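Below is one structure; the comments refer to it alone.
The values are calculated or read from the model by the stated rules, or taken from the named source; none is laboratory data. These numbers were taken from a predicted model, which means no experiment stands behind them. Cβ atoms come from the backbone with ideal geometry, glycine included; neighbour counts cover every protein chain shown.
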Ligand SMILES: Nc1ncnc2c1ncn2[C@@H]1O[C@H](COP(=O)(O)OP(=O)(O)OP(=O)(O)O)[C@@H](O)[C@H]1O
Ligand SMILES: [Mg+2]
């Protein structure tokens with residue numbers, strides 16, 4: 001989908017920081033855009049997000065978690081992504097997060113996750129996925145929030161995030177043309193410059 005951009009990366013890779021900078025840039029340059037996030041975006045999806053993130057749901061199975069993400073994804077597709085054909089739709093996380101976290105991280109069969117991704121997205125995919133390349137050790141160091149502020153998935157620890165990071169690297173190797181990979185360990189302004197010039201080069205933004 002020509003107007004659809006996704007940001008991906010491990011926890012603490014700087015997605016939120018860069019999305020805010022992009023939002024300000026697009027406002028300043030009068031380019032209409034909708035910023036959204038997964039899981040979430042509308043009432044039903046945000047309610048599912050609450051169930052997924054709730055620390056009290058410690059007994060949630062991996063398959064339950066995956067299916068909740070996919071359920072939220074399809075609802076969000078219809079509520080938000082397909083509903084804004086004349087604006088850029090920019091989403092914090094999408095199908096690659098399910099592959100990286102539930103597939104490579106939790107160990108669910110990658111083909112199963114891919115199949116569920118394609119059911120949930122009904123074949124819709126972003127024109128560009130910006131990957132903020134930050135290794136697990138750096139992401140964790142940045143994540144200086146108090147432990148009681150971390151959600152259920154963030155509490156899974158560094159070995160888990162290591163697997164997620166390796167997962168992202170495999171996904172990028174399998175889909176090189178869809179990705180804009182930016183070294184996210186640089187300072188935020190430098191990271192943003194590279195995102196901007198990459199997106200301009202592809203012709204998605206001005
Ligand atoms: N380029 C950077 N260099 C150093 N620190 C950064 C950089 N970008 C963001 N940070 C800091 O790292 C932390 C995580 O950033 P941010 O919340 O933007 O990441 P995120 O990818 O949205 O994380 P999450 O997946 O947990 O939502 C914040 O404290 C932020 O200020
Ligand atoms: Mg974030």
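State which residue is farthest from residue 6 (Cα to Cα) when the search covers only the stretch 166-180 and only residues that are touching a helix residue (DSSP H, G or I) at 6+ places or on another chain (Cβ under 6 Å) and more than 16 Å from ligand 2 (Cβ to nearest atom). Walk me through it before giving the result.
Our first condition is that a residue be touching a helix residue (DSSP H, G or I) at 6+ places or on another chain (Cβ under 6 Å); within the stretch 166-180, this holds for 167-168, 171, 179-180.
In the following step, the residues that additionally are more than 16 Å from ligand 2 (Cβ to nearest atom) were identified as 167, 171, 179-180.
On the way: 167: 17, 171: 14, 179: 10, 180: 10 Å.
This residue is 167.
Is it the case that the stretch 100-109 has a residue that's surrounded by fewer than 22 Cβ atoms within 10 Å (Cβ to Cβ), touching a strand residue (DSSP E or B) at 6+ places or on another chain (Cβ under 6 Å) and not in a helix (DSSP H, G or I)?
no
Can you find a residue that is touching a residue at least 24 places away in the same chain (Cβ under 8 Å), over 20 Å from residue 37 (Cβ atoms) and in contact with a helix residue (DSSP H, G or I) (Cβ under 6 Å, 6 or more places away or on another chain) anywhere in the stretch 140-149?
yes
Show the residue pairs that are 6+ apart or on different chains and have beta-carbon atoms under 7 Å apart, the first residue being within the stretch 1-28 and over 25 Å from residue 121 (Cα atoms) and within 14 Å of ligand 1 (Cβ to nearest atom), the second being part of a loop (DSSP other than H, G, I, E, B) and at pLDDT below 95.
12/143
Would you confirm whether any residue within the stretch 40-47 is touching a strand residue (DSSP E or B) at 6+ places or on another chain (Cβ under 9 Å), buried (at least 20 other Cβ atoms within 10 Å of the Cβ) and at pLDDT below 95?
yes
Being modelled with pLDDT of 95 or more and either more than 14 Å from the chain's Cα centre (by Cα) or away from ligand 2 (no atom under 16 Å from the Cβ) (or both) narrows it down to one of 17, 29, so name that one. Explain how you work it out, then say what you get.
Working: 17 fails: either more than 14 Å from the chain's Cα centre (by Cα) or away from ligand 2 (no atom under 16 Å from the Cβ) (or both).
29 is the lone residue from the list that is modelled with pLDDT of 95 or more and either more than 14 Å from the chain's Cα centre (by Cα) or away from ligand 2 (no atom under 16 Å from the Cβ) (or both).
Which residues, taken from the stretch 183-200, are away from ligand 2 (no atom under 16 Å from the Cβ) and touching a strand residue (DSSP E or B) at 6+ places or on another chain (Cβ under 6 Å)? Walk me through it before giving the result.
Start the filter on the stretch 183-200 by keeping residues that are away from ligand 2 (no atom under 16 Å from the Cβ), which leaves 183, 185-187, 189-190, 193-194, 196-200.
Listed by number, the residues that qualify are 183, 194, 198.
What number of residues in the stretch 48-84 are in a helix (DSSP H, G or I) and out of contact with any strand residue (DSSP E or B) (no Cβ under 8 Å at 6 or more places or on another chain)?
Residues that pass the stated criteria total 23.
What single numbered condition from (1) more than 16 Å from ligand 1 (Cβ to nearest atom); (2) closer than 22 Å to residue 127 by Cβ; (3) within 15 Å of the chain's Cα centre (by Cα); (4) surrounded by fewer than 22 Cβ atoms within 10 Å (Cβ to Cβ) fails to hold for residue 76?
All conditions pass for residue 76, except number (4).
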